[in-house]
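See below for the structure under consideration.
The values are calculated or read from the model by the stated rules, or taken from the named source; none is laboratory data. All of these numbers come straight from a predicted model, not from anything done at the bench. Here the Cβ is made from the backbone with ideal geometry for all residues, glycine too, and neighbour counts use every protein chain on show.
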């Protein structure tokens, strides 16, 4: 077997892996390898040809490929080693990485640190159990996005989209612009998980209807999709009998959620979090296994790539610190726990003593949309900090920066809740 | 007689539903429902001259992919999006393409250019 040694191996060459590798290099690590299974770097950004990326990180509005190219150039300039068309098969707890490609054959890489940056994948028809036949024409929205934007295939002409998250909305506009008829976007929840600007610019602009609290209850068609049955749902998201109607269509796009892709992490013995579906990490994005880090959508699904970049820079920096002689641990670990109306918080714990750090960013999602809220940070019963937001919704990640000087040695847990202003 | 026009402001994630009151001379006489100054600017512009960035793709011969992503380098009039798609569909580029390459200059006399948004090397 082809054996190689690297200080740092980054699994995945999307925005998370690229930023992590770049930062590790800038912190002094020189011996870095990125492993990417596609034929090029950039990850899913390459198919996200719409604008709206980079407003936070670059201060300007870029398309996905422009955002990706910036980081691709950065890692190339730094001389980071890259292997494309390479599938990682296994990462062991000892940080041995097994991979395969058609040039090297089977590869065994002895790494001192590993950053997991595999991203996420889409939930499928099977994951949400839509009954009916199994014709062609049922796609996950991201798959259709790659076909349309990169591979020059149009999935169909008459389209229904299930799920009003951003990918569903963006694909509604894309299919319309490419000449398809988009019959409707259906959303099982009473609110959309997508950004308001996408509802306006992707649906309203083209008079595409958004129907709330409706879902597909049956798929019809023998060889090709012919129609879907749609029903209204009650507050428990159960179809209401008698409300069914049929929409004729040849294409159904599913935008019904993303799942962090953690098969490699689990095999490596990395402990997972029930709610995020990603590894449990400390604020340096280190997992329970020393020297194995995770960042980006493999850790938790982000709303904006800008936050993926920020998080991955943290992971890259901590990995560099680890490689350069270790990380000082706090005497006492601080657990970070979600309180009222908070779905999850990443990181799940604060364990490191970092000299030059000014802030620890807590990333979280609320459980339900609320207006005029106060986000409170507690240590035990003591309130440390609060901030007001005009609106929170589950589709948008909330960043809550905690100043380093507020984190003291006698703490053992932090809690965040989101309540109505004044309560 | 004045008329009320509803516009969802997208200056921030709040997404305020803003009402514009427009008189018979098409002057905006009242703006209501916005939570901040940015909302006023947005809805005025959105009422008078709605513009959009158009992200789409153009065909490429001999590249590692058959398409290269493109966009308008400035927002263009919203009413011309469909026509612009037809203009872009007529184009076939030759690889290699570089990020920023002008694919169509001054599309539909809008003063806006269609530019490539990534490098696309030769196959």
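Every residue in segment A:92-126 that is closer than 18 Å to residue A:20 by Cβ and within 21 Å of the chain's Cα centre (by Cα), please. Write out each step before concluding.
Within segment A:92-126, the subset closer than 18 Å to residue A:20 by Cβ is A:95, A:97, A:99, A:109, A:111-120.
Hits for segment A:92-126 are A:114, A:115, A:116, A:117, A:118, A:119, A:120.
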Q) Looking at (1) free of Cβ contacts under 8 Å to residues at least 12 places away in the same chain; (2) touching a strand residue (DSSP E or B) at 6+ places or on another chain (Cβ under 8 Å), can you tell me which one residue B:52 breaks? A) (1)
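Which of the following residues is in contact with a strand residue (DSSP E or B) (Cβ under 7 Å, 6 or more places away or on another chain), more than 11 Å from chain A (Cβ to nearest Cβ), in a strand (DSSP E or B) and at pLDDT 95 or above: B:103, B:29? Working first, answer last.
Details: B:29 fails: at pLDDT 95 or above.
So the residue among B:103, B:29 that is in contact with a strand residue (DSSP E or B) (Cβ under 7 Å, 6 or more places away or on another chain), more than 11 Å from chain A (Cβ to nearest Cβ), in a strand (DSSP E or B) and at pLDDT 95 or above is B:103.
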Q) Which one is farthest from the other protein chains (Cβ to nearest Cβ) among residues in segment B:32-49 that are surrounded by 15 or more Cβ atoms within 10 Å (Cβ to Cβ) and in a loop (DSSP other than H, G, I, E, B)? A) B:33
Q. Here is a list of conditions, (1) surrounded by fewer than 19 Cβ atoms within 10 Å (Cβ to Cβ); (2) assigned by TED's automatic domain parsing to the domain that holds residue B:18, and residue B:77 meets all of them except one; can you say which number that is?
A. (2)
**Q.** First in segment A:387-403 and at the interface with chain B (Cβ under 9 Å from one of its Cβ atoms), second anywhere and loosely packed, with under 14 Cβ neighbours inside 10 Å, Cβ under 7 Å, 6 or more apart
**A.** A:390/A:371; A:390/A:372; A:391/A:371
Q. Taking segment A:291-309 only, how many residues are in contact with a helix residue (DSSP H, G or I) (Cβ under 8 Å, 6 or more places away or on another chain) and part of a helix (DSSP H, G or I)?
A. 6
**Q.** Matching residues in segment B:51-71 - criterion: being more than 20 Å from residue A:152 (Cα to Cα) and more than 7 Å from every other protein chain (Cβ to nearest Cβ)
**A.** B:51
**Q.** Filter result for residue A:64 (at positive phi and either surrounded by 14 or more Cβ atoms within 10 Å (Cβ to Cβ) or not assigned by TED's automatic domain parsing to the domain that holds residue A:308 (or both))
**A.** no
Q: Report whether or not residue A:327 is touching a strand residue (DSSP E or B) at 6+ places or on another chain (Cβ under 9 Å) and either assigned by TED's automatic domain parsing to the domain that holds residue A:166 or assigned to a loop (DSSP other than H, G, I, E, B) (or both).
A: yes
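For segment A:145-171, which residues satisfy the criterion of being away from chain B (no Cβ under 14 Å) and at pLDDT 95 or above? So that I can check it myself, show each step before the final result.
Here is the first cut: in segment A:145-171, the residues away from chain B (no Cβ under 14 Å) are A:155-163, A:165, A:167-168.
Matches in segment A:145-171: A:155, A:156, A:157, A:158, A:159, A:160, A:161, A:162, A:163, A:168.
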Q. Residue A:7 is checked against (1) touching a helix residue (DSSP H, G or I) at 6+ places or on another chain (Cβ under 9 Å); (2) assigned to a strand (DSSP E or B); (3) under 16 Å from residue A:118 (Cβ atoms) and fails just one. What number does that condition carry?
A. (3)
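When the residues of segment A:34-45 are narrowed to those that are touching a strand residue (DSSP E or B) at 6+ places or on another chain (Cβ under 8 Å) and buried (at least 20 other Cβ atoms within 10 Å of the Cβ), which ends up farthest from the other protein chains (Cβ to nearest Cβ)?
First, the residues of segment A:34-45 that are touching a strand residue (DSSP E or B) at 6+ places or on another chain (Cβ under 8 Å): A:34-37, A:41, A:45.
Pick out the ones that are also buried (at least 20 other Cβ atoms within 10 Å of the Cβ) and you get A:34-36, A:41, A:45.
On the way: A:34: 18, A:35: 20, A:36: 14, A:41: 11, A:45: 10 Å.
The qualifying residue farthest from the other protein chains (Cβ to nearest Cβ) is A:35.
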**Q.** Subset of segment A:364-383 that is without any contact (Cβ under 8 Å) to a residue 24 or more places away in the chain and more than 14 Å from chain B (Cβ to nearest Cβ) - its residue that is surrounded by the most Cβ atoms within 10 Å (Cβ to Cβ)
**A.** A:383
Q) In segment B:55-69, what residues are on the phi < 0 side of the Ramachandran plot and touching a residue at least 12 places away in the same chain (Cβ under 8 Å)? A) B:55, B:56, B:57, B:58, B:59, B:60, B:61, B:63, B:64, B:65, B:68, B:69
Q | Flag for residue A:262 being under 20 Å from residue A:124 (Cβ atoms), crowded, with 23+ Cβ neighbours inside 10 Å, modelled with pLDDT of 95 or more and touching a helix residue (DSSP H, G or I) at 6+ places or on another chain (Cβ under 8 Å) | A | no
Q) Across segment A:47-68, which residue is farthest from residue B:55 (Cα to Cα) among those that are in contact with a strand residue (DSSP E or B) (Cβ under 8 Å, 6 or more places away or on another chain) and assigned to a helix (DSSP H, G or I)? A) A:67
Q: Please specify each residue of segment A:272-291 satisfying the condition of being surrounded by fewer than 22 Cβ atoms within 10 Å (Cβ to Cβ), closer than 16 Å to residue A:91 by Cβ and under 18 Å from the mean Cα position of the chain (by Cα).
A: A:272
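Of the residues A:186, A:195, A:177, which is within 14 Å of chain B (Cβ to nearest Cβ) and in contact (Cβ under 8 Å) with a residue 40 or more places away in the chain?
On the way: A:186 fails: within 14 Å of chain B (Cβ to nearest Cβ); A:177 fails: in contact (Cβ under 8 Å) with a residue 40 or more places away in the chain.
Only one candidate qualifies: A:195.
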Q) Of everything in segment B:1-26 that's within 14 Å of another protein chain (Cβ to nearest Cβ) and in a strand (DSSP E or B), which residue is nearest to residue A:62 (Cα to Cα)? A) B:8
